[in-house]
Amino acid sequence: SQWNEKKGLLPPGRGIGVAAGAICSGARLMGHSASSALIKVHEDGAVTLLTGSTDVGQGSNTVLSQIVAEELGIALEDIRYSLVDSEITPIDPGTFGARVTFCAGNAAKAAAADAKQQLREVAAQTLDAHPEEIVFRNRRVFVDGYPDRSLPFQKLVILSQYEKGAPVMGRGFYTPDMEAPDFRSGSGNMSPAYTFATQAAEVEVDSEPGQVKILRMTFSHDCGFAINPLSVKGQLDGGMVMMQGQALFEDLHRQKGQTLNPTLLHYLMPTAGDIPWEVCSLLVEGPDPEGPFGAKEAGEGTTLGTIPAIANAVYDAVGVRLMELPLSPERILKALMEKKNSE
């Protein structure tokens, strides 16, 4: 509705633009994307998750812990996340290709399911039920349909470890069941799932200095199921700011191998004062059948449409199409001058 209200009706110097894109969710850039995880359940009811995936600020440690907690029916605060250590943590290809939540998440879920099945066998014997009737929820296990036939999760762990002599350790792995990509022939598939995103920008262009000011940014991101909605929105906001920098400010100048603007005084980046006051993030949730609990990526895909949306909005505002980045005042003024001379 805002598009219909604003397209072609904004004051001079203001414009709106839209862009859309798609990206792999768990890209197989090295021909594979296998991940593995280990779970150790302690006698106090806490659980240690060991995985080789690395959190580089995107919040994957929290998301993977949430996945394990949900699978075992315990609380997030019961999960202990072990830092990556090549001596003890299983191998993982790395944090790239929007693959951690998708691939490592599936591995962590499988490891939790493995530990859960071991505990389920003990619970079935203790509660006189079939293993498939045992439900894990709210730090308790009970027979489905009979909540009075139950026992605390911690007590079940103690029963398994001390009375049965069976330490509870789960392991899991995930490899997409698909043909690996052959980059020479073009066969195979890059990813088990794909993410789609659309972004819209409203800008104001001051034609005298050629300065672009972003007034509003709106995102819609197909994230499957948002395991941690706050983190997903943080990724959207962070992706927008990062690409705003590339769109309007960042420009590396080099001459004969020498960087001419090596400091932030001359290599400009967006500050808090440059960020739009109005940013709207819309999570489009449609659980993916392959993702852990239906989740897909919400990292690199958040950056897809920012630059073209801003460029389209600048074109809508002043009628010039810039094909180089950044959309600096100098380039905008030059394009406006060329447009005026050609008329």
Check: Roughly how many Å is it from the Cα centre of segment 207-247 to that of segment 81-152, as a whole number?
Finding: 35 Å
Note to self: Need one value: the accessible area of Leu327 in square angstrom, 1.4 angstrom probe, rounded to the nearest 10.
What the structure shows: 10 Å²
Check: Whose amide H sits under 5 Å from the amide H of Gly224, counting only residues 5 or more places off or on another chain, with H placed in the peptide plane?
Finding: Gly286, Lys296
Check: What ranking of Lys7, Lys256, Lys334 comes out by heavy-atom accessible area, probe 1.4 Å, highest first?
Finding: Lys256, Lys334, Lys7
Check: Mean residue ellipticity at 222 nm from the helices of the chain, using -39,500 (n - 2.57) per DSSP H segment of n ≥ 4 over the full residue count, to the nearest 500 deg cm²/dmol?
Finding: -9000 deg cm²/dmol
Notebook entry, point to check: Where does each of Tyr174, Tyr162, Tyr146 land when they are ordered by accessible area, with a 1.4 Å probe and the largest first?
Noted result: Tyr162, Tyr146, Tyr174
Notebook entry, point to check: Top mean-square fluctuation among Asn312, Asn189, Asn61, Gaussian network model of the chain, C-alpha springs under 10 Å?
Noted result: Asn189
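For a quick protection proxy, order the peptides 314-322, 46-54, 246-254 by their average other-Cβ count within 10 Å, most packed first. Each step should come with its number before you reach the end.
Numbers: 314-322: 18.6, 46-54: 21.3, 246-254: 16.4.
Ranked by mean Cβ neighbours within 10 Å, highest first: 46-54, 314-322, 246-254.
Output the relative contact order of the chain, whole-number percent, from Cα pairs under 8 angstrom with separation of 6+ residues. Can you show the working numbers first?
On the way: 745 pairs, mean separation 85.4, N = 343.
Relative contact order of the chain: 25 percent.
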Notebook entry, point to check: Considering only DSSP states other than H, G, I, E and B, which chymotrypsin sites (Phe, Trp or Tyr not before Pro) in segment 179-240 qualify as loop sites with at most 14 other Cβ atoms within 10 Å?
Noted result: Phe183
Check: Picking from Gly73, Gly186, Gly17, which is most flexible by a Gaussian network model of the chain using Cα springs under 10 Å?
Finding: Gly186
Note to self: Quick check on my link table: of Lys6/Lys334; Lys6/Lys340; Lys116/Lys164; Lys7/Lys213; Lys7/Lys340; Lys109/Lys233, which ones sit more than 21 Å apart, alpha carbon to alpha carbon?
What the structure shows: Lys6/Lys334; Lys6/Lys340; Lys7/Lys340; Lys109/Lys233
Checklist line | aspartates and glutamates with Cα under 15 Å of Lys296, excluding same-chain neighbours fewer than 8 positions away | finding: Asp222, Glu285, Asp288
Item checked: In Å, descending, principal axis extents of the Cα set of the chain -> 88, 50, 43
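The values are calculated or read from the model by the stated rules, or taken from the named source; none is laboratory data. Everything numeric here is computed off the predicted structure, so don't read it as measured data. When we count neighbours, we look across all protein chains shown, and the Cβ atoms used for this are built from the backbone with ideal geometry, even at glycine. Each accessible area value is taken on the protein alone, full model and side chains, heavy atoms only, with ligands, DNA and RNA left out. Shrake-Rupley method; radii C 1.70, N 1.55, O 1.52, S 1.80 Å.
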